[in-house]
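This report concerns only the one structure given below.
Read the figures in this text as sums done on the coordinates, not as results from a lab. None of these values were measured; they are calculated from a predicted model. Here the Cβ positions follow ideal geometry from the backbone for every residue, glycine too, while neighbour counts run over all protein chains shown.
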Amino acid sequence: MPALTLDAAGVTVATADGERVLLEPTTLSLTEQRVAVIGANGSGKSTMARLLNGLVTPTTGRVLVDGLDVARHGAEVRRRVGFCFTDPAAQLVMPTCVEDVELSLRRSERDPVARRRRALEVLERHGLAEHAHQSVHDLSGGQRQLLALAGVLATDPEVVVADEPTTLLDLANSRRVGDLLLSLPQQLVLLTHDLDLAARCDRVLVVEGGRVVADGTGPESVAAYVDAVDRARLT
Amino acid sequence: MSSPFLVGVHQPGDSWVHRCPTGPKLTLLALFSLAVVLTRSAVASPVFLAAALALAAVAGVRLGTLLRATRAVLVLALLASALQWWVDGPAKAAETLVDLVALALAAITVSATTPVNDVLDTLVRAVGPLRRVGVDPERVALAFSLAIGALPGTVALALETRDAARARGLGRHPRAYLTPFVVRVVARAHEQGDALAARGLGD
Ligand SMILES: Nc1ncnc2c1ncn2[C@@H]1O[C@H](COP(=O)(O)OP(=O)(O)O)[C@@H](O)[C@H]1O
Ligand SMILES: [Mg+2]
């Protein structure tokens, strides 16, 4: 597995005006295959995940992917780190499914005929072949998220970062997307509110107020999180 | 979320309009549009319309697609020709209306018979020489596809915020739907920018 590192000096993120700290000094080295990040809304999960492919740049400290400094080698890092968003509608930009996957492949495949063939293969692999020429707006929410994920996986990233990919989905679709993510051969960083899904990961971080407050195996961290939430509600 | 304003959705087929290479097809569309706009004659307009209709028929564009796509344009065309009626009289107004519909039909037919990726490849090639003056053809193509892609999404957002305002009983207050609409369009643009960056499309 590639190592995702927030270096030893500690990585912080503050707002542009310096008024607010979004991530307190954090040092991490993620080498497990499946890492989950859980925590309340606004706790800083997305800020942390976005560091991993340069969507957010650290105010201090360095973020390394496989030894590459994200701030200096952004393009190279983004080729290795695929990112999946909560709302697939934001991620899908082309009119039809096959065209959107082709857009992902533009960088790696110059020949349009080969690109079309590869895009159709990708759709086939994710059970979307019959929707190839359909508008992305006519898909169901679950299919749309699968398509967004297919577009990410089409480029063969080494790491997949998924920011609450199942939050908008119904139970069946959320299981389907969750299972797919957990079965990937790639390293996975999964931000989620689905504690069952998180517990199935090799390592789970709990984030609260911009810092990592628990870090352990799935069941340990989930229990710590549930505990903290319950205690806060009672006081 | 099925949008009634889906333009640019490709319908595969094998008519000669489909098979016509993308470069010449786009050039012809541009020439046709120029001709329609520059020819000021009441006789020419119906001829242009007939040509556009014939083209759509040959290409086998589904009637439903044509109707849905022209309906959006028709509203604008009617507004424009109403204005013309007032300024230049009924004859000119009719000419404008027919011209606009002919333009829309031709554009819809071309987009229905041409995969967007082919349009992008053609665009990349056409803009290629500008690379020397610092223009990145891939970016031009991406901006173009974004513009196409943003349309149905934005319309859907507008409908959704309008419904939300109505549900609150605020259907008559422009602020009640304009404010959330603008906020969401900006938020969507922001998200989409992030998503594009994450997909490495800006690198
Ligand atoms: N660009 C920004 N400017 C100011 N505040 C921000 C910005 N991005 C996020 N925040 C704030 O940082 C906090 C953490 O946000 P985020 O990482 O998105 O949390 P999570 O993903 O856990 O819900 C939130 O309070 C959010 O309002
Ligand atoms: Mg978040």
With runs of 4+ DSSP H residues as the only contributors, calculate the mean residue ellipticity of chain B at 222 nm using -39,500 (n - 2.57) per run, divided by the residue total and rounded to the nearest 500.
-26000 deg cm²/dmol
Under a Cβ-Cβ cut-off of 12 Å, what is the net charge of the residues other than B:Thr22 that fall near it, where Lys and Arg count +1 and Asp and Glu count -1?
+1
Most fluctuating residue given options A:Ala90, A:Ala129, A:Ala154, as computed from a GNM of chain A linking Cα atoms under 10 Å:
A:Ala90
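Indicate, rounded to the nearest 5 percent, the antiparallel portion of the DSSP beta bridges found entirely in the protein assembly as shown. Mind showing how you got there, number by number?
Working: 18 of 35 bridges.
Percent antiparallel among DSSP bridges in the protein assembly as shown is about 50.
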So for chain A: antiparallel DSSP bridges make up what percent, rounded to the nearest 5?
50
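Counting pairs of alpha carbon atoms under 8 Å apart in space and at least six apart in sequence, what relative contact order in percent does region B:115-203 give? Don't skip to the end; give the middle numbers.
Numbers: 42 pairs, mean separation 16.1, N = 89.
In percent, rounded to a whole number, it is 18.
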B:Ala51-B:Ala126 pseudo-label distance in nm [points 7 Å out on the Cα-to-Cβ vector]
1.8
DSSP loop trypsin sites (Lys or Arg not before Pro) with at most 14 other Cβ within 10 Å excluded, longest remaining stretch of chain B
B:63-167
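Could you please tell me the mean projected area of the C-alpha convex hull for the protein assembly as shown, averaged over all directions and given in square nanometres to one decimal?
Values: hull surface 103.8 nm².
Averaged projected hull area, Cα only: 26.0 nm².
Relative contact order of region A:4-234: what whole-number percent is it, with Cα pairs under 8 angstrom and at least 6 residues apart?
Working: 421 pairs, mean separation 59.5, N = 231.
Rounded, it is 26 percent for region A:4-234.
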Directionally averaged projected area (convex hull, Cα atoms, region A:117-235), nm²
8.8
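If you take every residue apart from B:Ser145 with its C-beta less than 12 Å away from the C-beta of B:Ser145, what net charge results, scoring Lys and Arg +1 and Asp and Glu -1?
Details: positive: A:Arg106, B:Arg139; negative: A:Glu99, A:Asp100, A:Glu102, B:Asp118, B:Asp121, B:Glu138.
Residues near B:Ser145 contribute -4 overall.
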Amide H contacts under 5 Å for A:Thr27, placed H, 5+ residues apart
A:Val11
Label 7 Å along Cα→Cβ of A:Arg175; region A:109-145 residues with amide nitrogen under 16 Å?
A:142-143
Principal axis dimensions, region A:4-234 - Cα atoms, whole angstrom, descending:
54, 40, 32
Give the average, rounded to an integer, of partner chain Cβ atoms located within 10 angstrom of each Cβ in A:85-98.
6
In terms of modelled amide H atoms, which long-range or inter-chain residues lie less than 5 Å from the amide H of A:Phe83?
A:Val161
What relative contact order, as a whole-number percentage, does region A:172-228 give when Cα pairs under 8 Å and 6 or more residues apart are counted?
23
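In region A:1-87, which trypsin sites (Lys or Arg not before Pro) are in a loop and have at most 12 other Cβ atoms within 10 Å, using DSSP for the loop call? Present the calculation step by step, with values, prior to reporting the outcome.
Numbers: sites: A:Arg20, A:Arg34, A:Lys45, A:Arg50, A:Arg62, A:Arg72, A:Arg78, A:Arg79, A:Arg80; in loops: A:Arg20, A:Arg62, A:Arg72.
Answer by residue number: A:Arg20, A:Arg72.
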Taking Lys and Arg as +1 and Asp and Glu as -1, residues besides A:His73 with C-beta under 13 Å from its C-beta add up to +1
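Per residue of B:185-197, how many C-beta atoms from partner chains lie within 10 Å of its own C-beta, taken as a mean? Walk me through the numbers on the way to the answer.
On the way: counts 0, 0, 1, 3, 1, 1, 6, 7, 2, 9, 13, 4, 7.
Mean partner shielding for this stretch: 4.
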Just to be sure I understand: with springs between alpha-carbon atoms less than 10 Å apart, which residue in A:Pro25, A:Pro112, A:Pro157 has the highest mean-square fluctuation in the Gaussian network model of chain A?
A:Pro112
